[in-house]
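Below is one structure, written out as structure tokens; the observations come after it.
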Amino acid sequence: MPAMRRRMRPRRRRPADPGRGNFPRRRQSEPVQPLHQPAGTDPVPAFFCPDAMTRILLSLLFSLLLPASAFAAAPAPFVPTEGVDYVVIDGAQPYRPLQGKVEVVEVFAYSCSHCADFQPKLDAWRHRLPRDVRFTFVPSAAVGSEPLSRAYFAVESLGAVEAVHAALFRAIHDDGTMPSNPTDSELQQWLVGQGLPAAKLKAAWDSPAMVAALRHANDFQQAVGIEGTPTLVVDGKYRILGKSRDDQLRILDALIASQRRRHR
């Protein structure tokens with residue numbers, strides 16, 4: 001009797017995985033090769049990958065450089081030198097002493113072209129001064145300067161320095177509307193044109209207070225040894241030297257800081 005053949009059932013095919021496409025299924029024992037690693041070589045840890053090594057080296061480099069830049073020593077503060085940056089004035093006093101205030105004085109002359117050139121820079125600087133620093137203009141007591149000195153003190157007594165001071169420099173040096181050696185009459189007429197009341201201006205011009213102000217300005221300038229204009233003085237004690245106007249302001253800042261600490 002012939003042997004019966006075993007009927008073979010056809011193998012069922014698994015449905016295709018739409019995510020796999022037509023790629024062949026790998027065997028369970030087949031190792032996965034990284035895309036960047038040649039087949040047949042030992043697996044390379046991610047730590048030794050070129051990109052990872054570059055990132056690590058850069059991180060180490062920045063970690064070494066950052067503390068050096070973050071904690072770098074600040075430049076030492078400027079300390080003025082006596083005899084080079086300033087002169088110490090023996091026995092002198094502030095022009096107008098005021099308890100708890102540092103005084104800065106500019107001795108100037110309206111006829112002085114150097115004063116006129118310096119005025120805009122000085123104005124910008126003095127308007128930034130702290131409240132415990134007082135800035136005062138003192139007109140020159142040089143021979144022939146009395147009419148212009150009277151003009152300043154009259155303007156000051158009327159509270160009009162900020163409105164008139166720079167304008168008078170411009171009238172003399174820029175506009176030519178005022179001579180460098182004007183008379184009392186010319187000055188009074190010009191000041192009235194700036195809005196000052198004529199009667200009050202005339203009263204201040206000839207008052208006993210004017211005579212006292214002129215005398216005090218002269219005494220102060222002799223005490224601090226004024227040799228020319230403009231000259232800057234701190235607390236009646238330090239006469240500023242300096243190589244330029246900017247250098248003078250730098251010296252002023254340092255001496256003011258020192259004097260402020262002493263006044264506290």
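We did not get these values from a lab; they are worked out from the coordinates using the rules stated. Just so it is clear, the structure is predicted and the values come from calculations on it, not from any experiment. Note that each Cβ is placed from the backbone with ideal geometry, even for glycine, and that neighbours are counted across all protein chains shown.
Key figures for this structure:
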{"item": "Full-extension gain in nm, GLN222 to VAL88, via 0.36 nm per residue minus C-alpha separation", "result": "46.8 nm"}
{"item": "Region 132-222, relative contact order in percent, only Cα pairs under 8 angstrom and at least six apart counted", "result": "40 percent"}
{"item": "Local net charge near LEU255, Cβ-Cβ under 12 Å (Lys/Arg +1, Asp/Glu -1)", "result": "+1"}
{"item": "Cβ-based net charge around TYR86, under 10 Å, with every Lys or Arg adding one and every Asp or Glu removing one", "result": "0"}
{"item": "Inter-site label distance for ASP184 and ARG134 at 7 Å from Cα along Cβ, in nm", "result": "2.9 nm"}
{"item": "Table column - 3J(HN,Hα) (Hz), region 203-215, Karplus curve with 6.51, -1.76, 1.60, x for Gly and Pro", "result": "5, 5, 4, 10, 7, x, 5, 5, 4, 5, 5, 5, 5"}
{"item": "Segment ARG170-SER113, extension gain: residue separation times 0.36 nm, minus the distance between their alpha carbons", "result": "19.5 nm"}
{"item": "Violating pairs (Cα-Cα greater than 26 angstrom) within the set LYS121/LYS243; LYS121/LYS202; LYS121/LYS237", "result": "LYS121/LYS202"}
{"item": "Amide hydrogen neighbours beyond the local backbone of TYR86, cut-off 5 Å, H modeled", "result": "THR81, LEU241"}
{"item": "Gain in span if fully extended, ASP123 to VAL79, counting 0.36 nm per residue against the direct Cα distance", "result": "13.4 nm"}
